[in-house]
Amino acid sequence: MTQQSEQAWCLTVLTNAVITWTSEYYAMAVGRLRAAGRDIPDELLTHISPAHSENVNFFGTIIVDVEAELAKLDEHGLRPLRGFGFE
C-alpha cells in the first residue's frame, strides 16, 4: 500500500469517527430537549447532517490536557452537552 493510500484510509477513519461522535451527541441533545418538553419533529432531524467539521482541527498541532478533559466526563464517559441551556 502506498503512503497516499494509507493517508486516504486514515482520513476515512477520521471522518467516520467524527460522524459517529457527532451523531451520538445529536441524539443525546435531541433526547434531552424532548425530555424537557421541547417539540422537535423527526421531519426536522432529516435535514441535519453529522458530516461537519467545525469542531475538528485538521491542521497544526493539537495540545490536549488529558487529565482536564477526563475530568469533564460524566459517569458514562461522555462529554457534557453545550448550548441550548445544557451548560
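The values are calculated or read from the model by the stated rules, or taken from the named source; none is laboratory data. This one's a predicted model, so the numbers in the text were calculated from it and none came from an experiment. Backbone-built Cβ (ideal geometry, glycine too); neighbour counts: all protein chains shown.
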Self-check item: Candidates His47, His52 - the one that is under 10 Å from the mean Cα position of the chain (by Cα) and either free of Cβ contacts under 8 Å to residues at least 24 places away in the same chain or assigned to a loop (DSSP other than H, G, I, E, B) (or both)
Solution: His52
Practice problem: From (1) charged (D, E, K, R); (2) at pLDDT below 90; (3) surrounded by 10 or more Cβ atoms within 10 Å (Cβ to Cβ), pick out the condition that doesn't hold for Arg34. | Solution: (2)
Quiz item: Taking segment 56-69 as the region of interest, how many residues are loosely packed, with under 10 Cβ neighbours inside 10 Å and at pLDDT 80 or above?
Solution: 6
Quiz item: Which of the residues spanning segment 37-55 are surrounded by 10 or more Cβ atoms within 10 Å (Cβ to Cβ) and more than 24 Å from Thr15 (Cβ to Cβ)?
Solution: Arg38, Ile40, Leu44
